[in-house]
Amino acid sequence: MPSPAPTPTAPSVTPARNCGSPEFTTSDPDGGWSDGGYYVHNNMWNAGEAGPETLRACAYDNWFVDSVQPDSTSVKTYPNVHKDINDQNGKPVNDFSVIRSTFAGRGPGVGIYDVAYDLWLNGVGNGNGVSELMVWTENRKQVPAGDKLTTYTAGGFTYDVWAEDEGYVAFVSRTTQYSGTVDLKAMIAWAIGKGLIPPNPTVNQIGYGIEFCSTGGGKARFTLTDFSVTMS
């Protein structure tokens, strides 16, 4: 795969916030915690290849994870916070006039990873007809699946759009965004208009976290200090 170009950095910074006394701690590959209508999930879904990882949370929008991953390019883990819509059964995107999210998260600056939204449409996980739409807000040496097709511009940011035939779409920001607001409804609508995902899919889950491929063999930390989803 081609090596991505160096990523410029926007002036936005992660708001100062500290999680000094966690309410929840887990090193379980599938460990998680419900808080405020959201779920914080260690999500070491590729545990067979993954090294150890510990998540500590003070709130759904204030947590961090320490991860040690071997020096290889496959995705090992996706620690994240997510919102399930209708107990993952979802609702049609056309039922909503607004699907918007705020975020603040910062990767460790070492290894191979992407910090990203992960939206599941028409189901959650692998399955016939399920679509996955990602929005990468920070990228270090990682390349999405599929092919780079075109670009998308919104909110002053330009995204390279990657896609593959199996219902995967990734909007990869050319500029690192450590915090901000994303109009997810607009991105879904655009992808529908381009024929990359089916018309009027159900929105089943909206998450934000980090895909760790490698930490270079040492310990690396991801810190999240804001997250919210507004749907109306």
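The values are calculated or read from the model by the stated rules, or taken from the named source; none is laboratory data. No experiment lies behind these values; they were computed from the predicted model shown. Here the Cβ is made from the backbone with ideal geometry for all residues, glycine too, and neighbour counts use every protein chain on show. We work out accessible area using only protein heavy atoms, side chains counted, and drop any ligands, DNA or RNA first. Shrake-Rupley method; radii C 1.70, N 1.55, O 1.52, S 1.80 Å.
Taking every residue in region 119-133 that is within 11 Å of E166 (Cβ to Cβ) and pairing it with any residue that is open to solvent by 40 Å² or more (accessible area, probe 1.4 Å) and part of a loop (DSSP other than H, G, I, E, B), at least 6 positions away or on another chain, the pairs with Cβ-Cβ distances below 8 Å are G129/N122; G129/P198; V130/N122; V130/V124; S131/N122; S131/P198.
Residue-level analysis places T151 among those that are modelled with pLDDT of 95 or more, of a type outside the set (K, R) and either more than 23 Å from G109 (Cα to Cα) or open to solvent by less than 20 Å² (accessible area, probe 1.4 Å) (or both).
Condition first: of a type in the set (D, E) and either at pLDDT below 95 or open to solvent by less than 70 Å² (accessible area, probe 1.4 Å) (or both). Can you find one or more residues in region 28-36 that meet it? Walk me through how you get there before you give the answer.
Taking region 28-36 and keeping what is of a type in the set (D, E), we get 28, 30, 35.
Then keep just the ones that are either at pLDDT below 95 or open to solvent by less than 70 Å² (accessible area, probe 1.4 Å) (or both); that gives 35.
There is at least one residue in region 28-36 that is of a type in the set (D, E) and either at pLDDT below 95 or open to solvent by less than 70 Å² (accessible area, probe 1.4 Å) (or both).
Here I197 meets the list (1) β-branched (V, I, T); (2) part of a loop (DSSP other than H, G, I, E, B); (3) surrounded by fewer than 19 Cβ atoms within 10 Å (Cβ to Cβ) almost entirely, failing just condition (3).
When you scan region 206-221, do you find a residue that is in contact with a helix residue (DSSP H, G or I) (Cβ under 6 Å, 6 or more places away or on another chain), under 25 Å from G37 (Cβ atoms) and either open to solvent by 10 Å² or more (accessible area, probe 1.4 Å) or not in a loop (DSSP other than H, G, I, E, B) (or both), even just one? Let's see the steps before the verdict.
Kept after step one, since they are in contact with a helix residue (DSSP H, G or I) (Cβ under 6 Å, 6 or more places away or on another chain), are these residues of region 206-221: none.
For region 206-221, residues in contact with a helix residue (DSSP H, G or I) (Cβ under 6 Å, 6 or more places away or on another chain), under 25 Å from G37 (Cβ atoms) and either open to solvent by 10 Å² or more (accessible area, probe 1.4 Å) or not in a loop (DSSP other than H, G, I, E, B) (or both): absent.
Being open to solvent by 30 Å² or more (accessible area, probe 1.4 Å) and at pLDDT 95 or above is the filter here; which residues of region 114-142 pass it? If you could, list the steps in order and put the result at the bottom.
Of all residues in region 114-142, those open to solvent by 30 Å² or more (accessible area, probe 1.4 Å) come to 120, 122, 124, 126-129, 132, 140-141.
Once the filter is applied, which keeps residues that are open to solvent by 30 Å² or more (accessible area, probe 1.4 Å) and at pLDDT 95 or above, region 114-142 yields W120, N122, V124, E132, R140, K141.
In this structure, is R17 charged (D, E, K, R), modelled with pLDDT under 95 and open to solvent by 30 Å² or more (accessible area, probe 1.4 Å)? Considered against the rule, which asks whether it is charged (D, E, K, R), modelled with pLDDT under 95 and open to solvent by 30 Å² or more (accessible area, probe 1.4 Å), R17 comes out as yes.
Applying the criterion of being under 18 Å from the mean Cα position of the chain (by Cα) and of a type in the set (D, E, K, R) to the residues of region 165-202, the residue that is nearest to R140 (Cα to Cα) is R174.
Just to be sure I understand, how many residues within region 177-193 are open to solvent by less than 10 Å² (accessible area, probe 1.4 Å) and either hydroxyl-bearing (S, T, Y) or more than 23 Å from G127 (Cα to Cα) (or both)?
To start, the set of residues in region 177-193 that are open to solvent by less than 10 Å² (accessible area, probe 1.4 Å) comprises 177, 182, 184, 187-188, 191.
Then keep just the ones that are either hydroxyl-bearing (S, T, Y) or more than 23 Å from G127 (Cα to Cα) (or both); that gives 177, 182.
Total meeting the criteria: 2.
The single condition among (1) open to solvent by less than 50 Å² (accessible area, probe 1.4 Å); (2) of a type outside the set (K, R); (3) within 23 Å of T202 (Cβ to Cβ); (4) in contact with a Gly (Cβ under 7 Å, 6 or more places away or on another chain) that Y39 does not satisfy is (1).
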